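**Student:** One structure, pasted below without further comment.
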Amino acid sequence: MDTRVHRPIPSDREVDWNKNKVLLSKTDKKGTILYANEDFIDVSGYDEFELVGQPHNIVRHPDMPKVIFKFLWDSIKSSENIHVIIKNMAKTGRYYWVVTDFKIVADTDDEIVGFFCTRKSVPNEIIVKFIEPLYKKLLQIEETSGMHASEEYLIGFLEERKKTYMEYIDHLIATGKDDKNKISKGLFSGLFEKKPDPKKK
């Protein structure tokens, strides 16, 4: 019996969702969904039984350049938590943009056993002005010259701004600007309700 979920046809319409919600999921180390909270289920449009046991790319949108996921997995392989701006696709084919914070779940031997993912909405003007144009360019390069060329372009793009990928998106969210000003550390952390640093006044 074929239990795979058929991929929807992408729509140019956004999912209508409450952007104050936090979408949570837990996966094993291969990215298979073990748990999704009610808000994740609602926004994705899938039933819970359709999500659990499926690879997390069930919600991947074809507009996402592969190089962004390469950056994600490279960080994870280095045992570094990372957050990434991702365009996902619901069961209806509609899209929704989120900034996803990936936390590594390790066992007592520090072996990676899975991931806990926290997603929040991204201001629309940041998506339209900065992220969509960048991702579209990366995707075009990938389709024409392959992922290595796309990665080299992204590395150059970030080097020009003297930022890592995470610093760049932190800076966009904190300031709404794509410039070379120094990022104000800590502004992004409020999105995921991390405890403030007591050393900072």
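The values are calculated or read from the model by the stated rules, or taken from the named source; none is laboratory data. Note that this is a predicted model, so its numbers are computed, not measured. Note that we place each Cβ from the backbone using ideal geometry, even for glycine, and neighbour counts take in every protein chain shown. All accessible areas refer to the heavy atoms of the entire protein, side chains included, with ligands and DNA or RNA removed. Shrake-Rupley method; radii C 1.70, N 1.55, O 1.52, S 1.80 Å.
**Student:** Just read off the accessible area of residue 130 with the full protein assembly in place, 1.4 Å probe, to the nearest 10 Å².
**Tutor:** Accessible area, nearest 10 Å²: 30 Å².
**Student:** Now for a separate question. Counting only heavy atoms of protein chains, what accessible area per residue, in Å², does segment 1-112 have with a probe of 1.4 Å?
**Tutor:** Heavy-atom SASA per residue in segment 1-112 reads 56 Å².
**Student:** Over the chain, with every protein chain in place, what whole percent of the accessible area is carbon and sulfur at 1.4 Å, could you tell me?
**Tutor:** C and S fraction of accessible area: 51 percent.
**Student:** Further, regarding this structure: Which sequence of 107, 101 reflects their accessible areas, 1.4 Å probe, from the largest down?
**Tutor:** Ranking 107, 101 by accessible area, largest first, yields 107, 101.
**Student:** Rg and Dmax of the chain, using alpha carbons, in Å: what are they?
**Tutor:** Every Cα atom of the chain included, Rg and Dmax give 17.1, 59 Å.
**Student:** Now for a separate question. At 1.4 Å probe size, put 144, 118, 175 in order of accessible surface, largest to smallest.
**Tutor:** 144, 175, 118
**Student:** Here is a further query. Excluding ligands and nucleic acids, what accessible area in Å² is computed for residue 60 using a 1.4 Å probe, to the nearest 10?
**Tutor:** Solvent-accessible area, nearest 10 Å²: 80 Å².
**Student:** With the crude spin-label approximation of a point 7 Å out along Cα→Cβ, what separation in nm comes out for residue 106 versus residue 161?
**Tutor:** Distance between label points: 2.9 nm.
**Student:** Moving on. What are the ³J(HN,Hα) couplings of segment 77-84, residue after residue, when phi is run through the Karplus curve with 6.51, -1.76, 1.60 and θ = phi - 60°? Round to Hz, x for glycine and proline.
**Tutor:** Values per residue, Gly and Pro as x: 5, 8, 6, 10, 5, 8, 10, 9 Hz.
**Student:** How much mean residue ellipticity at 222 nm does the chain get from its helices, if each DSSP H run of length 4 or more adds -39500 (n - 2.57) and you divide by all residues, to the nearest 500 deg cm²/dmol?
**Tutor:** My calculation for the chain gives -9000 deg cm²/dmol from helical runs alone.
**Student:** Pop a pseudo-label 7 angstrom from the Cα along the beta-carbon direction at both residue 14 and residue 113 and give the gap in nm to one decimal.
**Tutor:** Once both label points are built, they end up 3.9 nm from each other.
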